[in-house]
Amino acid sequence: MKIMVAIKRVVDYAVKIRIKSDKTGVETANVKMSMNPFCEIALEVALRMKESGVASEVIAVSMGPSQCVDTLRTGLAMGADRAIHVDAPSTLYPLTVAKLLKALVQVEKPGLLILGKQAIDDDCNQTGQMVAGLLNWPQGTFASKVVVDKEKKAATVDREVDGGLETLCLDLPAVITTDLRLNQPRYATLPNIMKAKSKPIKKMSLAELNVDLRSDLEVVQVTAPPVRKAGVILSSVDELVDKLKNEAHVI
Amino acid sequence: MFKKIITFTSKSKPKTFESASLHTLKHSPQSSPSKPNSSTQKPLNIIIPPNPLNSFNRSFSSGYHSNSINYKGSSLIRNGFWNLGRRFSSEAARECIEYDVVIVGGGPAGLSAAIRLKQLCRDNDVDLSVCVVEKGAEVGAHILSGNVFEPRALNELIPNWKEEEAPISVGVSSDKFMLLTKKHAIPMPNPFDNKGNYVISLSQFVRWLGQKAEELGVEVYPGFAAKEVLFDENENVIGIATNDMGIGKDGSKKDNYQPGVELKGRVNLFAEGCRGSLSEKIIRKYDLRKKGQGQHQTYALGIKEVWEIDADKHKPGAVVHTLGWPLDHKTYGGSFLYHMQDRQVSIGLVCALNYHNPYFNPYEEFQNLKRHPAIRPLLENGTVLQYGARTLNEGGFQSIPYPVFPGGAIVGCSAGFLNVPKIKGTHTAMKSGMLAAESAFGVLHKGSNMKTYWESLKNSWIWEELHRARNYRPAFEYGLLPGMAISALEHYLLKGRAPYTLKHGKPDHEATHEASQCSPIEYPKPDGIVSFDVPTSLYRSNTNHDHDQPAHLRLRDPKVPEHVNLPKYAGPESRYCPARVYEYVSDDNGQMKLQINAQNCLHCKACDIKDPKQNIEWTVPEGGGGPKYSVM
């Protein structure tokens, strides 16, 4: 069974982000980029499945400009067998990504498509769900535990939901999106990084996958949240009521 | 089968110490010398191939490809061979990768050396495998500098750097020097000559240099910290070993534990920057300070911020240096203010670490600097982009150690080639890397000795430049005004031709007076506009370390902080550390104890230098941690 893992190249989690001065987005020039932490977790669960014999091959895919290849190399260094890079502009919205993933799935025909639950730059939490809808595949999102039964071609997924944990059984092929507590991703060791240089990265274009890039979304403006004002210490309940009524206009 | 054994060696001629390690294979285990920290060795009952290195070494054409294939070789024979390499290290089961040249540190010196090696290979139609390991998460992440760049070494290394789109575009447009008092800024005659120099971000430049190195075939591995130097039985350096990853705070192995990797080079260059942790060990081991120019190294701590300011206040290429306030007349140091491109301004304060008062706080002095009426208006409506700190060497000519040791050499600021009166060290660091590369090439291809590096250093413009600059810094031992007077004498009259060479004062850590003899300094509270508290600034350095790892700052004697540092010196580490790593907090019994917040560390090495009893040892944390500078 092949497993396809979708990876996104995002601003490193430890970097303090800034808004561009023209307010069109976040400054990404001269900023450290890394693999999305949830995508690392997704890749780790796929690699463990391969090591336990459940899967035969792990394919890492990423869409974006040419720098995505660096992130894919990291994925290959962690242990993926091969990678696919879809050459696309850097701003891709979840629906477009979902359509691209659907096209890739139809080419590669994996038994499982694993993604991170969300990307740390846009926090959309939409791609996994959308691609499952487009493919008409069952989905197990926010997975904190995944057990695959090869014989029955089913996956048991523990989901972290607001009320606690929900256990689902999904027939394969299925889409799983990973949450933080699923595993601790492995380090890419130096020998593996060297070996990854010779692993193949296939480049595909949008035209090959027959996906229309046109998006129904347009980002109009990105602004920083307003600076926090200092707190005010009040002396009586009357003053509090007065301020809530006349200044904050909440009562 | 044999092919697989020998693929891991490089294809060039074996050198004497390599054959030595093969010879010991043939001796019985009892006759080989035992090392105190060797792992328990089983008797060597492996099949000994008859001198495979000599017979098969020409079979492979390219350097690193053969290295990557060898992992598929038989693990049985591999383990047997590795027993030899492992005898002198305390870790078991580490993979070993061999290169012609291993370079520790991906900064200007290390990358210049790597690039020069590949250029020499290309010119001589040969190939060498070159590997650069860098502890930062990416090349440039741990690079911090002023920086007014003198392109002298770059012009020699990559003459067409402009066409290659090096991030060097802002030429110096104005050059001012001021003496600051608490309220005034007195213009002074400018001792600097920055014609032809550029205001750059060194972090950006090093990132570009890293790309150039990779284009030439250098293997650059960021995120890997060199933790240990590897020696053979004759005390020659044969390589380094990276950190084990995935060790928890208590020392246990976590789920994602990965042992470190041994990188063995026929020549090993150490380019770790100022006060490099492995370089210091090597200097001590081979007594390189005495064999060199003789004096100890002296240091300064530079704390820097990059601001984005209003467009109408921004003058690209403007260079300003100051002396005086906020530092007193006994503390050497000064500030810099450079206008880069994109409305960005670098501002920083450099304080010599031989200050006397243990209550001195370089970070707070920097905040004071920004409040000065000549500087405050420039920054007022701006935003801080990044913050960071790094020590730099000020010992100059008198402190250069003998940089060659059996197995390699030390390049760049790890040796110490910074020109103090010019306050530039990048060009000399790059040139030293290039000279070391030329010597290393001679060693690997012509059988010469690394000693040629020392000779070429002495015949290069580095030597001439540092010799001319040697008497400026030591003059300030006599105080600010005598220092300035002697500097003026040097600059206008003597120009380095004096028959004497002034000596440095006490080593920095011995210069601290006891707290009882000094008075505490009152620092004003941060105003959040131009001055900030340490946590806010630290956040802007993008520094982080995985918290679940052993603290990388080791105390040689854990009792010294509470018994010596606190009572005698009022805990100076809680003041000079620009990242608030060291804090004295009261424990349950009300006793003050030292708390080490290793996660905050900016890798500046100030603690390693300034601790009065030299009790704090800075060691490398897991690779990939530390600051993430991008425009510093």
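The values are calculated or read from the model by the stated rules, or taken from the named source; none is laboratory data. Computed from a predicted structure; not experimentally measured. Cβ coordinates were reconstructed from backbone atoms using ideal geometry, including for glycine residues, and neighbour counts include every protein chain displayed.
Inspect the stretch A:155-175 for any residue being closer than 20 Å to residue A:93 by Cα and buried (at least 18 other Cβ atoms within 10 Å of the Cβ) and give the result as yes or no. Within the stretch A:155-175 (the criterion being closer than 20 Å to residue A:93 by Cα and buried (at least 18 other Cβ atoms within 10 Å of the Cβ)), the answer is yes, since at least one residue qualifies. Could you name every one of the helices (runs of 4 or more DSSP H) located completely within the stretch B:476-581 that has at least 3 residues being within 24 Å of residue B:179 (Cβ to Cβ) and in contact (Cβ under 8 Å) with a residue 12 or more places away in the chain? Ranges flagged: B:480-489.
Filtering B:375, B:303 for residues that are surrounded by fewer than 22 Cβ atoms within 10 Å (Cβ to Cβ), within 27 Å of residue B:526 (Cβ to Cβ) and in contact with a helix residue (DSSP H, G or I) (Cβ under 7 Å, 6 or more places away or on another chain) leaves a single hit, B:375.
Within the bounds of the stretch A:191-200, is there any residue that is more than 17 Å from the chain's Cα centre (by Cα), modelled with pLDDT of 90 or more and away from every other protein chain (no Cβ under 14 Å)? There is no residue in the stretch A:191-200 that is more than 17 Å from the chain's Cα centre (by Cα), modelled with pLDDT of 90 or more and away from every other protein chain (no Cβ under 14 Å).
What strands (runs of 3 or more DSSP E), lying completely within the stretch B:207-264, carry at least 2 residues that are buried (at least 20 other Cβ atoms within 10 Å of the Cβ) and away from every other protein chain (no Cβ under 11 Å)? The strands (runs of 3 or more DSSP E) meeting that bar are B:226-231, B:237-242.
Of all residues in the stretch B:314-372, those being part of a helix (DSSP H, G or I) and among the small types (Gly, Ala, Ser) number 0.
For the stretch B:232-281, a residue qualifies if it is farther than 16 Å from residue B:410 by Cα and of a type in the set (Phe, Trp, Tyr), and exactly one does: B:257.
Only one entry in A:47, A:112 is in contact with a Pro (Cβ under 7 Å, 6 or more places away or on another chain), of a type in the set (A, V, I, L, M), in contact (Cβ under 8 Å) with a residue 24 or more places away in the chain and crowded, with 22+ Cβ neighbours inside 10 Å, namely A:112.
Going by the conditions given, is residue B:301 in contact (Cβ under 8 Å) with a residue 12 or more places away in the chain and not in a loop (DSSP other than H, G, I, E, B)? Before the answer, list the steps.
On the way: in contact (Cβ under 8 Å) with a residue 12 or more places away in the chain: yes; not in a loop (DSSP other than H, G, I, E, B): yes.
The answer is yes for residue B:301.
Checking each residue in the stretch B:309-352 for being under 25 Å from residue B:169 (Cα atoms) and touching a Pro at 6+ places or on another chain (Cβ under 6 Å) picks out B:339, B:341.
Considering the stretch B:378-397, the residues that are crowded, with 24+ Cβ neighbours inside 10 Å and within 14 Å of chain A (Cβ to nearest Cβ) include one that is nearest to residue B:295 (Cα to Cα), namely B:388. Every listed requirement among (1) part of a helix (DSSP H, G or I); (2) out of contact with any helix residue (DSSP H, G or I) (no Cβ under 7 Å at 6 or more places or on another chain) is met by residue B:196 save one, (1).
Comparison of A:219, A:241, A:250, A:227 shows that the only residue that is outside any loop (DSSP other than H, G, I, E, B) and of a type in the set (Val, Ile, Thr) is A:241. Here is the figure for the stretch A:74-89: residues that are under 15 Å from the mean Cα position of the chain (by Cα) and surrounded by fewer than 20 Cβ atoms within 10 Å (Cβ to Cβ) total 0. Within the stretch B:322-347, residues that are over 17 Å from residue B:300 (Cβ atoms) sit with their Cβ atoms under 8 Å from residues that are among the aromatic types (Phe, Trp, Tyr), at 6+ positions apart or across chains, in these pairs: B:344/B:307; B:345/B:307; B:345/B:338.
Could you tell me whether any residue of the stretch B:132-153 is in a helix (DSSP H, G or I), touching a residue at least 60 places away in the same chain (Cβ under 8 Å) and over 28 Å from residue B:277 (Cα atoms)?
Yes, the stretch B:132-153 contains a residue that is in a helix (DSSP H, G or I), touching a residue at least 60 places away in the same chain (Cβ under 8 Å) and over 28 Å from residue B:277 (Cα atoms).
Of all residues in the stretch A:171-190, those that are within 7 Å of chain B (Cβ to nearest Cβ) and among the hydrophobic types (A, V, I, L, M, F, W, C) total 1. Within the span defined as the stretch B:274-284, one or more residues are within 22 Å of the chain's Cα centre (by Cα), free of Cβ contacts under 8 Å to residues at least 24 places away in the same chain, surrounded by fewer than 15 Cβ atoms within 10 Å (Cβ to Cβ) and outside any strand (DSSP E or B). Examine the stretch A:54-63 for a residue that is within 12 Å of chain B (Cβ to nearest Cβ), among the acidic types (Asp, Glu) and farther than 23 Å from residue A:211 by Cα, and state whether such a residue exists. The answer is no; no qualifying residue exists.
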